[in-house]
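Input: a single structure, listed below in C-alpha coordinates.
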Amino acid sequence: QVQLVESGGGLVQAGGSLRLSCVASGRTFSSYAMDWFRQGPGKERDFVAAISGSGGLTSYAHSVKGRFTISRDNAKNTVYLEMNSLKPEDTAIYYCAAVRKFSSRSTDVDYWGKGTLVTVSS
(Lines give C-alpha, C1' and ligand atoms only; values in the text may rest on other atoms or scores of the structure.)
Protein backbone atom coordinates (compact mmCIF):
# COMPACT_ATOMS: atom_id res chain seq x y z
CA GLN A 1 0.00 0.00 0.00
CA VAL A 2 2.91 2.33 0.65
CA GLN A 3 5.65 3.14 -1.82
CA LEU A 4 8.66 5.09 -0.61
CA VAL A 5 11.09 6.94 -2.85
CA GLU A 6 14.29 8.40 -1.45
CA SER A 7 16.27 11.20 -3.02
CA GLY A 8 19.05 13.60 -2.17
CA GLY A 9 21.99 11.24 -2.00
CA GLY A 10 25.29 12.05 -3.62
CA LEU A 11 28.95 12.74 -3.06
CA VAL A 12 29.98 15.11 -0.31
CA GLN A 13 33.26 15.90 1.40
CA ALA A 14 33.85 15.07 5.02
CA GLY A 15 32.46 17.80 7.22
CA GLY A 16 29.82 18.69 4.69
CA SER A 17 26.05 18.41 4.81
CA LEU A 18 23.35 16.71 2.84
CA ARG A 19 19.58 16.46 3.14
CA LEU A 20 17.76 13.32 2.16
CA SER A 21 14.07 13.19 1.33
CA CYS A 22 11.64 10.33 1.20
CA VAL A 23 8.26 10.76 -0.43
CA ALA A 24 5.51 8.28 0.36
CA SER A 25 2.60 7.36 -1.82
CA GLY A 26 -0.93 7.27 -0.49
CA ARG A 27 -2.80 9.41 1.98
CA THR A 28 -2.16 7.51 5.20
CA PHE A 29 1.36 8.79 5.73
CA SER A 30 0.69 10.23 9.16
CA SER A 31 -0.41 6.85 10.48
CA TYR A 32 3.15 5.55 10.14
CA ALA A 33 6.21 6.23 12.14
CA MET A 34 9.11 6.73 9.76
CA ASP A 35 12.67 5.53 10.10
CA TRP A 36 15.93 5.94 8.29
CA PHE A 37 18.35 3.03 8.05
CA ARG A 38 21.65 2.73 6.27
CA GLN A 39 23.76 -0.09 4.89
CA GLY A 40 27.36 -0.06 3.77
CA PRO A 41 28.94 -2.71 1.52
CA GLY A 42 29.10 -6.06 3.27
CA LYS A 43 27.39 -4.70 6.37
CA GLU A 44 24.02 -5.10 7.97
CA ARG A 45 21.32 -2.51 7.62
CA ASP A 46 21.55 -0.34 10.71
CA PHE A 47 19.12 2.04 12.34
CA VAL A 48 19.80 5.75 11.93
CA ALA A 49 16.78 7.75 13.07
CA ALA A 50 13.07 7.47 13.76
CA ILE A 51 10.17 9.87 14.01
CA SER A 52 6.66 9.26 15.23
CA GLY A 53 3.63 9.73 13.03
CA SER A 54 2.86 13.15 14.42
CA GLY A 55 6.50 14.16 14.52
CA GLY A 56 6.40 14.60 18.27
CA LEU A 57 8.95 11.90 19.07
CA THR A 58 12.36 11.29 17.56
CA SER A 59 15.12 8.82 18.18
CA TYR A 60 18.67 8.57 16.85
CA ALA A 61 21.47 6.09 16.72
CA HIS A 62 24.28 7.14 18.99
CA SER A 63 26.65 7.40 16.04
CA VAL A 64 24.61 10.19 14.45
CA LYS A 65 23.12 11.93 17.46
CA GLY A 66 23.86 15.64 17.36
CA ARG A 67 24.76 15.51 13.67
CA PHE A 68 21.62 14.24 11.96
CA THR A 69 18.07 15.53 12.27
CA ILE A 70 14.95 13.68 11.19
CA SER A 71 11.79 15.60 10.40
CA ARG A 72 8.58 15.12 8.49
CA ASP A 73 5.95 17.11 6.67
CA ASN A 74 2.78 15.08 6.65
CA ALA A 75 1.05 17.49 4.29
CA LYS A 76 3.73 16.62 1.73
CA ASN A 77 3.96 12.92 2.63
CA THR A 78 7.66 13.45 3.12
CA VAL A 79 10.24 12.57 5.72
CA TYR A 80 13.67 14.21 5.75
CA LEU A 81 17.07 13.41 7.12
CA GLU A 82 19.39 16.37 7.44
CA MET A 83 22.95 15.18 7.80
CA ASN A 84 25.64 17.52 9.04
CA SER A 85 29.30 17.10 9.90
CA LEU A 86 29.44 14.07 7.66
CA LYS A 87 32.17 11.51 8.11
CA PRO A 88 33.50 8.85 5.73
CA GLU A 89 31.94 6.29 8.07
CA ASP A 90 28.53 7.68 7.09
CA THR A 91 28.99 6.36 3.56
CA ALA A 92 26.13 3.98 2.88
CA ILE A 93 22.91 3.45 1.05
CA TYR A 94 20.25 5.21 3.07
CA TYR A 95 16.78 3.72 3.20
CA CYS A 96 13.60 5.20 4.51
CA ALA A 97 11.06 2.90 6.07
CA ALA A 98 7.45 3.05 7.16
CA VAL A 99 6.68 1.52 10.53
CA ARG A 100 3.33 1.02 12.23
CA LYS A 101 4.81 1.96 15.57
CA PHE A 102 7.61 4.14 16.83
CA SER A 103 10.56 1.77 16.65
CA SER A 104 14.26 1.48 15.86
CA ARG A 105 14.06 -2.18 14.89
CA SER A 106 14.22 -3.27 11.28
CA THR A 107 11.91 -6.16 12.13
CA ASP A 108 9.15 -3.63 12.80
CA VAL A 109 9.41 -2.11 9.32
CA ASP A 110 6.39 -2.57 7.09
CA TYR A 111 7.67 -0.90 3.92
CA TRP A 112 11.12 -0.05 2.60
CA GLY A 113 12.28 2.44 0.05
CA LYS A 114 14.88 1.38 -2.50
CA GLY A 115 17.56 3.60 -1.05
CA THR A 116 19.76 6.50 -2.03
CA LEU A 117 23.54 6.38 -1.97
CA VAL A 118 25.51 8.78 0.19
CA THR A 119 29.26 8.86 -0.33
CA VAL A 120 31.42 10.91 2.01
CA SER A 121 34.94 11.47 0.78
CA SER A 122 37.98 12.41 2.82
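Results, tabulated for the structure shown:
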{"read-out": "Odd one out for Leu86 among (1) out of contact with any Pro (no Cβ under 8 Å at 6 or more places or on another chain); (2) of a type in the set (A, V, I, L, M, F, W, C); (3) assigned to a strand (DSSP E or B); (4) more than 19 Å from Val5 (Cα to Cα)", "value": "(3)"}
{"read-out": "Residue match in the range 56-71 (condition: modelled with pLDDT under 95, outside any loop (DSSP other than H, G, I, E, B) and small (Gly, Ala, Ser))", "value": "no"}
{"read-out": "Residue match in the range 22-29 (condition: in contact (Cβ under 8 Å) with a residue 60 or more places away in the chain and polar (S, T, N, Q))", "value": "no"}
{"read-out": "Subset of the range 1-21 (residues that are open to solvent by less than 40 Å² (accessible area, probe 1.4 Å) and either in a strand (DSSP E or B) or of a type in the set (Val, Ile, Thr) (or both))", "value": "Val2, Leu4, Glu6, Gly10, Val12, Leu18, Leu20, Ser21"}
{"read-out": "Members of the range 65-105 that are within 17 Å of Cys22 (Cα to Cα), open to solvent by 30 Å² or more (accessible area, probe 1.4 Å) and hydroxyl-bearing (Ser, Thr, Tyr)", "value": "Thr69, Ser71, Tyr80"}
{"read-out": "Qualifying positions in the range 22-40 - open to solvent by less than 20 Å² (accessible area, probe 1.4 Å) and among the hydroxyl-bearing types (Ser, Thr, Tyr)", "value": "Tyr32"}
{"read-out": "Number of positions in the range 1-56 that are of a type in the set (Phe, Trp, Tyr) and within 26 Å of Ser85 (Cβ to Cβ)", "value": "3"}
{"read-out": "Total residues in the range 89-122, condition in contact (Cβ under 8 Å) with a residue 24 or more places away in the chain and either closer than 16 Å to Gly9 by Cβ or assigned to a helix (DSSP H, G or I) (or both)", "value": "20"}
{"read-out": "Count of the range 41-55 residues which are outside any strand (DSSP E or B) and either open to solvent by 40 Å² or more (accessible area, probe 1.4 Å) or among the hydroxyl-bearing types (Ser, Thr, Tyr) (or both)", "value": "7"}
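The values are calculated or read from the model by the stated rules, or taken from the named source; none is laboratory data. The model shown is predicted, which means the values in this text are computed figures rather than measured ones. Don't worry about glycine lacking a Cβ; one is built from the backbone with ideal geometry, like all the others, and counts go over all protein chains shown. What goes into the accessible areas is simple: the full protein's heavy atoms, side chains included, and nothing from ligands, DNA or RNA. Shrake-Rupley method; radii C 1.70, N 1.55, O 1.52, S 1.80 Å.
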